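What follows is a single structure, written as structure tokens, with notes after it.
Rule-based calculations on the coordinates, nothing more; no lab input. Please read these numbers as outputs of a predicted model, since none were measured by experiment. Virtual Cβ from ideal backbone geometry, glycine too; neighbours counted across all protein chains shown.
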Ligand SMILES: [Zn+2]
């Protein structure tokens, strides 16, 4: 595997600039196109699984993070507060989305009929990482997390966690993630954990039950400060292991935010909060995806899916027309006119573009194209509409292959 920082530069996916600051990468058009496709896929997957999507601000009053416990347990990783004027409250960049999602939950009274209530957002959060550890997309200060908080009853936790693990497997299959292992992260020694022993024991039992039949290892001292979690680990090009997807149980924040629902018997009861991320932050996810695929993303999130190569000037118009039709069909397509055909084919392969459509005089005359795949295979000339249909079918299937399944 090649370091994602080098490939990110070679493929114009993202840039860093000392003027904007370390750990604050800038997503260039190619990287942004790929990320947009991935974000849309994740939102769609969640919608179909009954999630409700929200937007919440990436900063809030200091008091919000006092209530959430982040200032008590997590302050070292947060940016210092900002004071705008004497009369104003102090504002802080958030280190996590949970506090705002707790406010979504309690924006009105809740009934047991609404549970599980699944609140999701691909949202911004900030970590005051020291400059020495920052690099590329894998350690950053501005993080965009694929996050959700599922509020449910204690009886629903097992089913809810199993369903989350199913979604994680689906997302990994589509993205081409190859997990290195599953880890049950438990409390270690020390005082950085909230909640009593009975709560922790119960949460650990629930997660162990949800992992029934899944091979996993246990890691003490890796839990979140509010509860144990299941982490799906991956390895980067340097063989460093890190967490990509996670499911975490939390009995603490529902207490802190005084969350409740009205049960069938009319009693007020407290929900459990499940923090979960299917694919982690967009930054870490792409650091991983760039490396594991060597920049050759599955067609559905390739920055450019089809490049059209007219053999000569006589086919320029037909090439532009084909790219326009592909774009109208929802594909990301462009025309490359410059240089010899051989050089343009090599450039398409260098950019890991999955499909190149060569348009010569004969193809232009009868409305056909010859597709060349980035793995070197070539297809017989076919009607333009069929070629566009073939690529669209692969994209719609979120497949990692370049040709539709037969
Ligand atoms: Zn959370």
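Some notes on this structure:
- Counting beta carbons within 10 Å around each of 39, 155 and listing the fewest first gives the order 155, 39.
- Share of Cα-Cα pairs in region 1-143 lying beyond 17 Å, as whole percent: 70 percent
- Anisotropy class of region 135-180 from Cα gyration tensor, a/c 1.5 cut: oblate
- Least to most buried among 297, 225 (fewest other Cβ within 10 Å first): 225, 297
- Pair-distance distribution of region 69-120: all C-alpha pairs, bin width 10 Å, starting at 0; shares per bin in whole percent are 19, 36, 30, 14, 2.
- Share, in percent, of DSSP beta bridges within the chain that are antiparallel, nearest 5: 75 percent
- Mean residue ellipticity at 222 nm, helices only, the chain: -10000 deg cm²/dmol; runs of at least 4 DSSP H residues each add -39,500 (n - 2.57), and the sum is divided by the number of residues.
- The Cα trace of region 106-205 gives Rg and Dmax of 17.3, 49 Å, the first to one decimal, the second as a whole number.
- D_trans [Stokes-Einstein, Kirkwood Rh over alpha-carbon pairs] for region 307-396, 37 °C, 0.692 mPa s, µm² s⁻¹: 258 µm²/s
- Relative intensity, log₁₀ I(q)/I(0), of region 346-395 from a Debye sum that treats every alpha carbon as a point, q = 0.17, 0.23, 0.27, 0.28 Å⁻¹: -0.49, -0.85, -1.04, -1.08
- The three principal axes of the C-alpha atoms in region 253-378 carry coordinate ranges of 77, 30, 22 Å, sorted with the longest axis first.
- Reciprocal of mean inverse Cα separation for region 267-324 (Kirkwood radius, Å): 15.9 Å
- Rounded to 5, percent antiparallel among DSSP beta bridges of region 304-397: 45 percent
- Taking the longest Cα principal axis of the chain as reference, the axis of helix 282-292 is set at about 50 degrees.
- Helix 316-328 vs. the chain, principal-axis angle (Cα, 0 to 90°, nearest 10): 30 degrees
- Computed from Cα positions, the angle between helix 157-175 and the longest principal axis of the chain comes to roughly 20 degrees.
- For 74, 79, 14, order by how many other beta-carbon atoms lie within 10 Å, fewest first: 79, 74, 14
- Highest-fluctuation residue, 66, 222, 317 considered, GNM on the chain with Cα pairs under 10 Å: 317
- Normalised by 2.2 N^0.38 Å, where N is the number of residues, the C-alpha radius of gyration of the chain stands at 1.13.
- Convex hull volume per residue for region 173-324, taking Cα atoms only, in Å³: 202 Å³
- Peptides ranked, highest mean first, by Cβ atoms within 10 Å: ranges 348-361, 256-269: 348-361, 256-269
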